Structure formats: C-alpha cells, structure tokens
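The values are calculated or read from the model by the stated rules, or taken from the named source; none is laboratory data. Please read all numbers here as calculations on a predicted model, not as lab measurements. A quick note on method: Cβ atoms are made from the backbone with ideal geometry, for glycine too, and the neighbour counts reach across all protein chains shown. Calculation scope for accessible area: heavy atoms of the full protein, side chains included, ligands and nucleic acids excluded. Shrake-Rupley method; radii C 1.70, N 1.55, O 1.52, S 1.80 Å.
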Amino acid sequence: MPVALRSRSSRKIIGRIALYLAVAWFTFYAAFPFVWMLITAFKRNSDLYNVKNNPFLFNQPPTLEHMRLLFEGTPFLRWLWNTGFVGLMVVIITLVAAVPAGYSLARLARAWGRRLGIAIFLTYLVPPTLLFIPLSRVVAELRLQDNLWALVLVYPTFTIPFCTWLMMGFFKSIPGELEEAAMVDGCTRLAALRHIVLPISVAGILTVTIFAFALSMQEFTYALTFISPSSQKTVSIGVPTDLIRGDVFYWGSLMGGALVSAVPAAILYSLFLDRFIAGLTAGALK
Amino acid sequence: MAKIATAESYKVIRRGGITSDRWLGTFMLAPAILYIVLLVAGPLLFAIYLSVSNATTGEYTLEYVGLANFVRALQSSIFRTALANTFIFTIVSQIIVIIFGNMLALALQERFRGRSIVRFLILLPWATPVSLAAIGWKWMYDSLYSVVNWMLKAVHILGPTDFPQWLGFPSLAIPAVISVHVWRTFPFSAVVILAGLTSIPQETLDAASVDGAGFFHRLFYILLPMLLPIITVAVLFGTVFTFTDMGAVYILTAGGPFNSTHVLSSWAFQVGIVAGDLAQGAAVAVFMLPVLLVAAITMLRIASRETGV
C-alpha cells in the first residue's frame, strides 16, 4: 500500500512538472514577440545593430528616439484616428443591421429562423481575399478609392454575419415570456423590445460592439487594396508599410507602433473572448 | 375570471401578432440580408464571373473568355507553387495547432498560480492584428540581427558560426511562415478546446479514474472522442483563417525569396491588384472556393447534427 501511494504521488509530481513546462513553453512562444517589440522600441540604434551585444540587455541607456520618430515623423496619430473613425462607423452600421436581425431570427422567424441564421453565419467564412478583387471594382465604380469610406462600406461584410449570429444566440437566451407578458399588458412588440429586451441585452450589445471594432481594426487585405496615400491609412497597414523607406527598416519605430496599437486592442479583445468562442462554437457544444 | 380574460386577450394578441410579427421580422432582417446579398453574395458571384472574363483594372471590358484564365494560371509555375504552399502552410500548421491546442487546453484546465495572467499572455497573438504581428516576426527573423538565431546559439542548437537566413532561402522561409501561422492560431484553438473540456462532466472522468484508467487511457478513450466535434470546429476555423490569410505572407516575405512562399491570396493580390489583371487575379482567388465549400458543409453538418435542424 505505501508503495502504491508513493508511485501515485511521484506520478503526480511528474504531472505537475510536465504541466509547468508546457505552460512555460506556450507562454514563452505566445508572448516573446511582444517582449522583443518592447525591448526594440526603446533601444538605441547603436545598441540594437551590434551583433556582439546581448540583445536582451540595454548596453546603452534606453531612448525615446524611436517613439519620437513614430509620433512626430510619421502620420501615426492620424492612422490611429483613421482606425478609430472606421471602427466607430463600422460599429454603428453593424449594430443597426445585426441587432434587429438577431432579434428577428431568434423570435420572429419561426421555422426558417435557425436555417437562415446558419446561412448568414456561413457568409462569415467567405474571406476578404476572395472578395477584394470584385470589391475593388465596386469601390472604383463608387469613386471611393483611397477613401476611408471604402473601408466603412466594406468592413460590415464580415462584422454583420458574425454579430448577427452572436445577437441571435444572445436573444435566444432571454426568456420569451418577458416580452409576451408585456405584450399581454398592451405593449406592442417594438415597445416591448425597446423597454424590456434591449435594457437586459446591454452585455450582448457591448460584446458585439467590441468585436465589430476589433475585427475592423485587424483587417489588412481590404485596407491594403483600397488605400494608398499615407494620410488615409489605418494602423494595420500604416505601421508595416510606411516605416520602411526603400531598404531601410525603422525597426525601433516599427516595433513601437506595433506594440502601441496592438496591446490595447488585445486587452479589450481578450476580455470578451469567452463570448466570441461561445458564438463560434454554438452548435458543437450542447 | 381575470385569469380567463388574460388568456383570451393573450390569444387575440397572438393571433393578431403572427401576421404583424412576420412583417416586422422581415423588416428587421432586411438591412442585414441586403448588406450580405449586395456586398458578399453579389461580389462572390462577380468574382466567379470575373474569373471567366478578360477584365482589367483600367478598362471596362468584360467579355466572356471561358476557362482561359484558369488554364493560364495553371501554366504559371509561381501559381502552382502558391497552390501547393497554401495547402502545405495550412495542413502543417493546423496539425501542429491541434497538438499544441490540446496540450495547452489540458494545461489551462488545471489550477495553478498565475493562470489568469498566463491565459491573457497566451491570447495576445490571436488578438493582435495580423500585419502588426507579422512585422514583429519579420524583425525576429532579420537577416543580420535575428534574435531567434541569437537564442538558438545561446542554447547551442546553432554553432557560433551558423547564421541561417530565415527569410532568405525557400527551405527556411516556409517553416518561418508556418511558425507565424501556428503562433497566431494555436491560442484560439486552445481556448475553443478548453470550452469543450469544461463541458465534459467531471463525474465521467472520475468514474474512469476509479476504474483504474490512467491519464493517457482517459485522454485517448474518453476525452478526445468526446472532444471530437469541438476540435473539428477549432480546426475548421483555423483552416479557413490560415488558408485564406494574406497578411502573414505579404508582410513576412512578400512571396519571396524567388516567389517561393506565395500563397493563393498573395498571388491573387499580386496578379489582380498590383499588376491590374483583375480576371486573372479572380481566377487565382477562385481556386480557394472548393476548400471553403468543404469547410462550410462540414460546419453545417456539425451544427445540424447537434441541434437536429
């Protein structure tokens, strides 16, 4: 009996060690590029571009030179503004289309509601890399080339399907008796929706807002296709294309720009990730 | 008495409600459906039409030319490389992602100190815009100051005189691109699988433990079979995201060296937008459709099997 116990506890210790090793490796793999961005962004060029130096140490004092170039020598603030503007407009369009559609699929569309919902969701699988060529013709016809409104027009094509699906799931989780009770008391459905359903759906609407914003901030293909002047770029194309002049890469500023724009977005995104996952896996998990 | 009246009036509302509900339902769905029809379904059909036409960016010609663009695409060796790469990148990265995703999900299911911080750090790659992540990796694989090489030397995997040019040779650039795809998608797959793991009742596993099933026995005979639908979903999304992605390749290698790392999307961009041959570009992109169709059908089957629609 003591022998069995010992082997069990030693097995537990081995399991624990394996667990910590796995966690350490995955954390390193995932987070290392960001650590390296952070170090690069504040290192002097003479320190950075010296193969003899240990790249993880500041052999010379840190510098804000790269950040100054980023904020003063490039339209970085403008790109942030553009990204925010496009994101906001996309959020508005997405909410206007996806919230009512989600409600309609969850409550009003009876037999065909779920099928239509799945069909809408599947359009999320049609990638920008398949649509950018025909859409470039559409954008050209509308004279929206090199214009942020081209992105505002096109980004809802991937936010609406996904957010409609999320909202449908969200409305389904609210008991229908709530509105029916209000309607028995003489409310119209729209009034019930406004006064009863929407107030308790704030969490769902907030989730959809975050995702529409995050997805439009991450987008690269359409922005690259439709926008070429520096002043109209978003961060996702501005940082990796404008800080390279000929063969010269401004690595310090590049990493600074990537870090400054990626980390806040990542924080916001990861706070809502569980709902995102729940939306994607609805159906496979029951 | 009051109760009956309520039930009566309820019925009246329901009866009057059905027609107005139908009208309202259609009305509320209309904006989303319109958007999708006009800007997804329409352009998708237009892409297919472009691929059998002779359209270019400058001119407004749109004549039917049959399968000429597809034939021309297949004759190009760059296209054939791009087609092969798209599959290689997707299949290799997704195999690694399934393994990493399962390992990480199993690890994150345990309780340990700092778990929430670890979870946040691991999710960073997934939440970061692809182009910004790719530029970070490009710097890590730099030809002169690669920090990856420095670390590999520090742990003596590389000798002091070795200096692999990660993005300079096809045989190294391909694993480099795959490493970025794995990095980007494994957090997502881990979180999805973790969601599946937490939905498995603990009693099932405890019962197996009591019956003497070891870790690997439980893993292969209980956990993985029960997780199969959710793993399929994770793999499907990972596949679609990797298969259709252009940012990673475009930023990391721009298709180089010697056009050896192009994928369908980056080659379609090069041909259709940069060179302005819309029809040819559309034909290249349309080669993605069969895989996307398979993914959509599989997803549909999973969804309908689970809910019986």
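Values as computed for the structure displayed
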{"item": "Estimated FRET transfer efficiency (A:VAL202, A:GLU72; beta-carbon r; R0 51 Å; 0.05)", "result": "0.80"}
{"item": "Dipole of the protein assembly as shown, positive direction: furthest Cα of A:THR94, B:PRO31, B:SER199, with charges on the beta-carbon", "result": "B:SER199"}
{"item": "Student exercise, chain A dipole from Lys, Arg, Asp, Glu Cβ charges, in Debye to nearest 20", "result": "1060"}
{"item": "Volume per residue of the C-alpha convex hull in chain B, rounded to whole Å³", "result": "239"}
{"item": "Exposure ranking of B:ARG115, B:ARG80 by accessible area [1.4 Å probe, largest first]", "result": "B:ARG80, B:ARG115"}
{"item": "Normalised contact order of chain A, rounded percent, pairs of Cα under 8 Å and 6 or more residues apart", "result": "28"}
{"item": "Stretch in chain B that is longest and holds no GluC sites (Glu not before Pro) that DSSP places in a loop and that have at most 10 other beta carbons within 10 Å", "result": "B:64-309"}
{"item": "Cβ neighbours within 10 Å from other chains - mean over A:266-277", "result": "5"}
{"item": "Chain A - percent of accessible surface contributed by carbon and sulfur, probe 1.4 Å", "result": "67"}
{"item": "Chains A and B together, accessible area buried on both sides, 1.4 angstrom probe, square angstrom", "result": "9200"}
{"item": "Which of A:LYS43, B:LYS138 is most accessible, then next, and so on - probe 1.4 Å", "result": "B:LYS138, A:LYS43"}
{"item": "Kyte-Doolittle mean at least 0.0, axial Cα span of 24 Å or more - DSSP H helices of chain B", "result": "B:2-36, B:77-109, B:170-198, B:224-244, B:289-307"}
{"item": "Chain B - percent relative contact order, Cα under 8 Å, separation 6 or more", "result": "28"}
{"item": "Two-site label geometry, B:SER77 and A:ASP185: point separation in nm, points 7 Å out along Cα→Cβ", "result": "7.7"}
{"item": "Alpha carbon centroid spacing (whole Å) that separates region B:216-269 from region A:104-125", "result": "27"}
{"item": "About the Cα centre, charge dipole magnitude for the protein assembly as shown (Lys/Arg +1, Asp/Glu -1 at Cβ), debye", "result": "1320"}
{"item": "B:HIS217, B:HIS156, reordered so the largest accessible area comes first (probe 1.4 Å)", "result": "B:HIS156, B:HIS217"}
{"item": "Residue list for region B:66-88, given a label point 7 angstrom along the Cα-to-Cβ vector of B:PHE258 and an amide N cut-off under 13 Å", "result": "B:78"}
{"item": "Max mean-square fluctuation residue, GNM over chain B, Cα-Cα springs under 10 Å, options B:LEU152, B:LEU34, B:LEU293", "result": "B:LEU34"}
{"item": "Cut-off 16 Å, label 7 Å out along Cα→Cβ of B:PHE163, residues of region A:45-80 by amide N", "result": "A:48-55"}
{"item": "Kyte-Doolittle at least -1.0, axis length at least 15 Å by Cα - qualifying DSSP helices, chain A", "result": "A:2-41, A:76-103, A:128-141, A:156-172, A:202-218, A:251-271"}
{"item": "Calculated FRET value between B:ALA84 and B:GLN202, using beta carbons and R₀ = 45 Å, to 0.05", "result": "0.50"}
{"item": "Within region A:136-212: Cβ-based charge dipole about Cα centre, in debye rounded to nearest 20 (Lys, Arg +1; Asp, Glu -1)", "result": "240"}
{"item": "Probe 1.4 Å, accessible area per residue of region A:2-63, Å²", "result": "63"}
{"item": "R0 of 41 Å, Cβ-Cβ distance A:ASN147-B:LEU289: FRET efficiency to nearest 0.05", "result": "0.90"}
{"item": "Exercise: per-residue mean of other protein chain Cβ atoms within 10 Å, A:247-256", "result": "2"}
{"item": "Chain lengthening between A:ARG115 and A:ALA31 when straightened (0.36 nm per residue, less Cα-Cα)", "result": "26.2 nm"}
{"item": "Once the Cα gyration tensor of region A:202-286 is diagonalised, semi-axes √(5λ) in Å", "result": "32, 14, 11"}
{"item": "For chain A, diffusion coefficient by Stokes-Einstein and Kirkwood Rh (Cα), 20 °C, 1.002 mPa s, µm²/s", "result": "95"}
{"item": "Surface accessible to a 1.4 Å probe, B:TRP183 within the full protein complex, Å²", "result": "0"}
{"item": "Sparsely packed trypsin sites (Lys or Arg not before Pro) within region A:61-126, loop by DSSP, other Cβ within 10 Å at most 11", "result": "A:ARG110"}
